[in-house]
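Shown next, in structure tokens, is the structure this report addresses.
The values are calculated or read from the model by the stated rules, or taken from the named source; none is laboratory data. Only a predicted model underlies this, so the values are computations on that prediction, with no experimental measurement involved. Positions of Cβ are generated from backbone atoms using ideal geometry, with glycine treated the same way; all protein chains shown enter the neighbour counts.
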Amino acid sequence: MKKIIPLVILLMGFGSIIFFSSCNKTGTVQAPGSVTKQSFGTLPGAPEVNLYTLVNHSGITLKVTNYGCRITSLLLPDKNGKCADVVLGFDSLAGYLSNNPYFGAVVGRYGNRIAKGKFEIDGNQYTLAQNNGVNHLHGGLKGFDKVVWTAEDFTTANSVGLKLHYLSKDGEEGYPGNLNIEVTYTLTDDNQLIIAYKATSDKATPINLTQHSYFNLAGAGDIKAHELMIASSKYTVVDSTLIPTGELRDVKGTPYDFTTVKAIGKDLIATGGIPIGYDHNFMLNTKGLSDLAVRVVEPVSGRTMEVYTDQPGVQFYTSNFLDGTITGKYGRVYTQYSALCLETQHFPDSPNHPAFPTAILKPGETYLTTTIFKFSAK
């Protein structure tokens, strides 16, 4: 006989009480406040790839694989307790091996772009792969999204989590220094997903780690009706290859003004570009984790996602390059504007822009940064 998980009464923000039933759809009932591990496949010459299922006491189920540190599934209830998977991805490892939109991955060593794959530190010139036209993107040909991390799960009185580790060796993808990285996912009972990054290096190196999940809070369809607020008064202007020119332009009076809430589709066409859509870094006005950086609301389901970060910027991307050639979970075809990304980060191409906040990690220093995704429904 299957065990029945009772409804949980959860007091959410905005003064509303939501009845959440478990969103665990693993095929077997998993106890709230637990983590389970199963095989997700193998790679030649690599450790076993596993899939970890994290279930909190409030009805949320998160799945993470140690291949690329990827979030493969995030099941959230809506305002009526109906569950949906709100991130894009694949049902099996094979999907992640044959397609590369960075679904759910931690990207690095340097997330986003570096112009012409070149930078200089202390008079030394370094050359990286040009894997995005003439530019370097998300760590290169084999970035952190394409390696197997070691993983250790944990539980506390009010959270479940997964700690992942990877050693990026000196010279990997052209970057200097042995970079020792730790990424921790913590899913709390008050429906926060806390992503903490830690790294040290024995040589000065650029580092810009970020989480590249594609979110659709409706679970399907496009994201044009999602309502968005970004606490940013300036964005980094980019050239035709999406490299910053160095100009920080006021958002006021432009399609990039999300200082007050508006539907993503409202000014989407006015962004221009090829393809049309948002793929821009916003300089955040926030001062740390206590300040709200981004809020996204899907008005029909009521699902809401808030983002808090200590990073100086966030890349807002509307999946402009998805073109219908990829079929993901549940047999869904992923087309343009199927999802949005909110990649908390240092600015693109920072190693080549001295006026931008520095993204250089030096020996003896520790790279520490945290981003929180907080979920609710109203």
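Structure notes:
- Close pairs (6 angstrom Cβ cut-off, 6 or more residues apart or separate chains): of a type in the set (D, E, K, R) in the range 344-364, part of a loop (DSSP other than H, G, I, E, B) anywhere: D349/I243; K362/A204
- Where strands (runs of 3 or more DSSP E) fall wholly inside the range 257-338, the ranges with 1 or more residues that are modelled with pLDDT of 95 or more, among the hydroxyl-bearing types (S, T, Y) and under 18 Å from the mean Cα position of the chain (by Cα) are 303-309, 313-317.
- Selection count, the range 344-374, where residues are in a strand (DSSP E or B) and either among the polar types (S, T, N, Q) or surrounded by fewer than 23 Cβ atoms within 10 Å (Cβ to Cβ) (or both): 11
- For beta carbons closer than 6 Å, sequence separation of 6+ or different chains, a first residue in the range 318-336 that is in contact (Cβ under 8 Å) with a residue 40 or more places away in the chain and a second that is assigned to a strand (DSSP E or B) and of a type in the set (F, W, Y), the qualifying pairs are L322/Y334; I326/Y334; G328/Y334.
- Any hit, the range 136-157, residues being more than 26 Å from T327 (Cα to Cα) and touching a helix residue (DSSP H, G or I) at 6+ places or on another chain (Cβ under 8 Å): yes
- Selection count where residues are in a strand (DSSP E or B) and either in contact with a Phe, Trp or Tyr (Cβ under 6 Å, 6 or more places away or on another chain) or aliphatic (A, V, I, L, M) (or both), scope the range 87-120: 5
- Here the condition is being of a type outside the set (G, A, S), modelled with pLDDT of 95 or more, closer than 19 Å to Y367 by Cα and surrounded by 17 or more Cβ atoms within 10 Å (Cβ to Cβ); of Q211, Q192, it holds for Q211 alone.
- Residue check, F103 within 30 Å of D189 (Cβ to Cβ), crowded, with 23+ Cβ neighbours inside 10 Å and touching a Ser or Thr at 6+ places or on another chain (Cβ under 8 Å): yes
- Residues satisfying the criterion are absent from the range 121-129 (criterion: charged (D, E, K, R) and on the phi < 0 side of the Ramachandran plot).
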